[in-house]
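Everything below concerns the one structure shown next.
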Amino acid sequence: MERTEQINAVRNRDKSYDGKFYVAVKSTKIFCLPSCYSRIPLEKNMVFFDTLEEALKNGYLPCKLCKPERI
């Protein structure tokens with residue numbers, strides 16, 4: 001999946017992408033589902049991971065709003 005497609009999914013809060021990838025925010029060290037209703041991060045701060053384990057391994061914490069670990 002291309003970065004542009006992932007960014008558009010996050011901006012549109014597209015639930016069909018939930019579980020297909022996770023978006024992390026460099027400035028907060030938190031990762032979310034693409035459909036999370038929290039504030040949309042700046043594109044330069046977005047990091048994408050294919051799996052939950054990857055995000056955790058890289059030191060990111062799960063969002064308390066969308067709870068990505070429950071998917």
- prompt: Quick check: is even one residue across the stretch 55-70 of a type outside the set (Ser, Thr, Tyr), surrounded by 13 or more Cβ atoms within 10 Å (Cβ to Cβ) and in contact with an Asp or Glu (Cβ under 6 Å, 6 or more places away or on another chain)?
  reply: yes
Restricted to the stretch 13-43 and to residues being among the hydroxyl-bearing types (Ser, Thr, Tyr) and within 20 Å of Glu2 (Cβ to Cβ), the residue surrounded by the most Cβ atoms within 10 Å (Cβ to Cβ) is Tyr22
Checked Met46, Met1 against criteria (hydrophobic (A, V, I, L, M, F, W, C) and open to solvent by 60 Å² or more (accessible area, probe 1.4 Å)); the one match is Met1
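The values are calculated or read from the model by the stated rules, or taken from the named source; none is laboratory data. Since the structure is predicted, the reported quantities are computational estimates derived from the model, not experimental observations. Glycine gets a Cβ as well: all are built from the backbone with ideal geometry, and neighbour counts include every protein chain shown. All accessible areas refer to the heavy atoms of the entire protein, side chains included, with ligands and DNA or RNA removed. Shrake-Rupley method; radii C 1.70, N 1.55, O 1.52, S 1.80 Å.
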